[in-house]
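Beneath this line is the structure, given in structure tokens, with notes to follow.
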Amino acid sequence: GFSNEAIKFWNIEYNPIAKAIRIPLIDVDDECLGYIRRLTHAKVYKNTYGLSRDTFFGINHYNGSIPIIVEGALDVIWLWQSGIGGGLGTLGISLSSGQLEVLKKLLCYSDKNEVILCFDNDTAGKLANNKTSAELLSQGIVSYTLSLPEGICDIQDMSSLEVKKLFDGGKI
């Protein structure tokens, strides 16, 4: 469901033989650290071996707004396509120590020391939200949880219009 604009902007490629999409993980210095691959037939991720989790997916397009921490690359892209900037994907269900350091650096340039957490609406996502919220609090970072509506597991299960409404009409 990604637009041609999103596919081009995020350099998404499709390999029909592997039945997978491939998205580059670019760091803040615009260096490609590897690739995130998602098998389309099994909804499984197969990333480049040793892919660093010391950065966030989307950091190279971070716009300086309140960071919105989500689980994966596709969540960040869906937010962007829905007109919501500031999405940062953890590439997993928790923050790494490297990602925490990156986040603290981002926030030192901001007038607000706060983030929004929007993990998946499943057991793993709820546990990740609680763990991440506690980690951020221990670092003096205020976090707000944006819960997905009942029956919605992933931000991508919502239309772009629903995502905009969830994020206060795109004002966040």
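The values are calculated or read from the model by the stated rules, or taken from the named source; none is laboratory data. Everything numeric in this text was worked out from a predicted model, so none of it was measured. Don't worry about glycine lacking a Cβ; one is built from the backbone with ideal geometry, like all the others, and counts go over all protein chains shown. The accessibility values were calculated without ligands, DNA or RNA, using every heavy atom of the protein model including side chains. Shrake-Rupley method; radii C 1.70, N 1.55, O 1.52, S 1.80 Å.
For the range 53-93, the set of residues classified as closer than 23 Å to Lys126 by Cα and of a type in the set (Val, Ile, Thr) consists of Thr55, Ile66, Ile68, Ile69, Val70, Val76, Ile77, Ile84, Thr90, Ile93, listed by residue number. Checking Ser159 against (1) closer than 27 Å to Arg22 by Cβ; (2) over 15 Å from the mean Cα position of the chain (by Cα); (3) open to solvent by less than 40 Å² (accessible area, probe 1.4 Å), which test does it fail? Every condition holds for Ser159 apart from (3). Scanning the range 79-100 turns up no residue that is buried (at least 22 other Cβ atoms within 10 Å of the Cβ), free of Cβ contacts under 8 Å to residues at least 24 places away in the same chain and closer than 18 Å to Thr55 by Cα.
If the condition is being crowded, with 16+ Cβ neighbours inside 10 Å and closer than 18 Å to Phe2 by Cβ, then the range 14-52 contributes Ala20, Ile21, Arg22, Ile23, Pro24, Leu25, Ile26, Tyr35, Ile36, Arg37, Arg38, Tyr45.
Contact map, the range 1-24: residues that are over 18 Å from Gly58 (Cα atoms) paired with residues that are of a type in the set (A, V, I, L, M), Cβ distance under 8 Å, separation 6+ or inter-chain. Pairs shown: Tyr14/Ala20; Tyr14/Ile21; Asn15/Ile21; Ala18/Leu39; Lys19/Leu39; Ala20/Leu39. If the condition is being within 19 Å of Lys8 (Cβ to Cβ) and open to solvent by less than 30 Å² (accessible area, probe 1.4 Å), then the range 60-74 contributes Ala73, Leu74. Total residues in the range 2-41 satisfying the condition of being part of a loop (DSSP other than H, G, I, E, B) and under 29 Å from Leu161 (Cβ atoms): the figure is 7. Is there a residue in the range 109-123 that is under 29 Å from Arg22 (Cβ atoms), without any contact (Cβ under 8 Å) to a residue 40 or more places away in the chain and assigned to a loop (DSSP other than H, G, I, E, B)? Within the range 109-123, one or more residues are under 29 Å from Arg22 (Cβ atoms), without any contact (Cβ under 8 Å) to a residue 40 or more places away in the chain and assigned to a loop (DSSP other than H, G, I, E, B).
Which residue is most open to solvent (accessible area, probe 1.4 Å), if the candidates are limited to the range 101-124 and must be aliphatic (A, V, I, L, M) and over 19 Å from Ile26 (Cα atoms)? Filtering the range 101-124 for residues that are aliphatic (A, V, I, L, M) and over 19 Å from Ile26 (Cα atoms), the one most open to solvent (accessible area, probe 1.4 Å) comes out as Ala124.
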